[in-house]
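Worksheet: the structure to be examined is printed underneath.
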Amino acid sequence: MTVKYGKFEMPEKIKLDESSHTSTYARFIVEPFERGFGHTVGNTLRRIMLGALEAPSIMSVRIEGVPHEYMAIEGIIQDMTHIILNLKGALLRRHTVGEDAHPRDIKMITKILDISEEMIEKGGGTYKVTLKDLMAQTDYEIVNPDHHIFTATKPMVKRVDLRIGMGRGYVPSERHNNFERQVDEIVMDSAFSPVRIVNYYVENTRVGQDTDFDRLILEVTTDGRVTPVEALTFAAQIAILHLEVFETIKTHSIHFDKGEMQVNRDRDEVLQKLALKINEIELSVRSTNCLANANIDTIGELVVMPESEMLRFRNFGKKSLTEIKQKLDELGLSLGMDLSKYGINRDNIKQVIQNYLQEKTGTPEV
């Protein structure tokens, strides 16, 4: 049995704020949502990103000649407690693994640390051991390879074993019961969560003449073990996975009204933007001249052009392309747009704009 529901306003794409985007921070803007859905979606994604994402972390350490964590080590400035605290700051990124690999596989990384007299002298009497000294050529990418672990003051040769596993959240040492502890192995607390901060805000946004729809803004900060884009995509997939079970109790299917009136209203709003002249969006003189030489007079003629073809224009470079993409993004448009749902394509764009302007002004476009 099918039940008919009214149209839901749904976002068509996610905007990434390029001006503030880094490898560890991103600001996402998603709109429009029906009123209230901004908080529903935003809070769900926030909780999943903070508590359910996985990343590698060091679970234990064993240093030759060190039986427990409450002791000093000859030839090393830091005591074992301090070294463990430094190891907790290690940030590791797991390389992509095949489907046959188990996500909870635990790896033991062994390194024979050989610190020579020459290395000590070169460092002015000390040698700073960093994370890359302990984990060269492993299955993990080191996000902070220069992270300081300890400082040696005399030559030494020591075997260092690091046990690394995947997990979620923060796991204290007493809960690491999924491996057999070896002699002199010191088990550590592990911070698996790669997401540090997630903030979300909900603002009003306009759809047609209505202004009470939701704009969702997500600010995601990670520690580098996953990127903010990865964090958001992983969280979305986890959310979908947990909602699939509710399909088993479905007794009715919902048919959602596509909203023909809304499509017409959207078409009118899009045409207002497409009919703008190139000189109305304040491009640089160079970009404006390039488009004029290519006989592109309106925004509509511009957005139907694919990015690859734009670069073929004479004197048109990547700097001009970046500028144009930014201006179009401010209008909610992009290069190579699919406007077929409005009955607009590359072949008829000029005629559609001319007809639109004639309807609005009552006179044909000159």
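The values are calculated or read from the model by the stated rules, or taken from the named source; none is laboratory data. All values reported here derive from a predicted model rather than from experimental measurement. Neighbour counts are summed over all protein chains in view; Cβ atoms, including those assigned to glycine, are modelled from backbone coordinates with ideal geometry. The area values use the complete protein model at the heavy-atom level, side chains included, leaving out ligands, DNA and RNA. Shrake-Rupley method; radii C 1.70, N 1.55, O 1.52, S 1.80 Å.
Could you tell me which residue of region 306-327 is nearest to Asn348 (Cα to Cα), considering only residues that are modelled with pLDDT under 85 and of a type in the set (A, V, I, L, M, F, W, C)?
It comes out as Met310.
Which one of Arg196, Arg175 is charged (D, E, K, R) and closer than 22 Å to Asp105 by Cβ?
One residue alone meets the criteria, Arg175.
Here is a yes/no grid of residues against (1) open to solvent by 70 Å² or more (accessible area, probe 1.4 Å); (2) closer than 19 Å to Ser193 by Cβ; (3) aliphatic (A, V, I, L, M):
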{"residue": "Tyr5", "(1), (2), (3)": "yes, no, no"}
{"residue": "Ser19", "(1), (2), (3)": "yes, no, no"}
{"residue": "Ser23", "(1), (2), (3)": "yes, yes, no"}
{"residue": "Ile29", "(1), (2), (3)": "no, no, yes"}
{"residue": "Arg46", "(1), (2), (3)": "yes, yes, no"}
{"residue": "Glu54", "(1), (2), (3)": "no, yes, no"}
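Would you check which residues across region 216-252 are among the polar types (S, T, N, Q) and either open to solvent by less than 40 Å² (accessible area, probe 1.4 Å) or in contact with an Asp or Glu (Cβ under 9 Å, 6 or more places away or on another chain) (or both) and list them?
Of region 216-252, the ones among the polar types (S, T, N, Q) are 221-222, 227, 233, 237, 248, 251.
The answer is Thr221, Thr222.
Can you list the helices (runs of 4 or more DSSP H) lying wholly within region 281-366 that have 2 or more residues being of a type in the set (D, E, K, R)?
By residue number, 307-310, 318-330, 349-361.
Just one of Tyr200, Tyr170 is open to solvent by 10 Å² or more (accessible area, probe 1.4 Å), of a type in the set (Phe, Trp, Tyr) and within 30 Å of Ser19 (Cβ to Cβ); which is it? Show your work before the answer.
Numbers: Tyr170 fails: within 30 Å of Ser19 (Cβ to Cβ).
When all the criteria are applied, what remains is Tyr200.
In region 71-108, how many are of a type in the set (A, V, I, L, M, F, W, C), modelled with pLDDT under 95 and assigned to a loop (DSSP other than H, G, I, E, B)?
Counting residues in region 71-108 that are of a type in the set (A, V, I, L, M, F, W, C), modelled with pLDDT under 95 and assigned to a loop (DSSP other than H, G, I, E, B) gives 6.
Filter region 109-152 for residues that are in a loop (DSSP other than H, G, I, E, B) and of a type in the set (A, V, I, L, M, F, W, C); which is modelled with the lowest pLDDT?
Filtering region 109-152 for residues that are in a loop (DSSP other than H, G, I, E, B) and of a type in the set (A, V, I, L, M, F, W, C), the one modelled with the lowest pLDDT comes out as Ala136.
Among what's in region 181-197 and is buried (at least 20 other Cβ atoms within 10 Å of the Cβ) and over 23 Å from Arg62 (Cα atoms), pick the residue that is farthest from the chain's Cα centre (by Cα).
Within region 181-197, the match that is farthest from the chain's Cα centre (by Cα) is Ser193.
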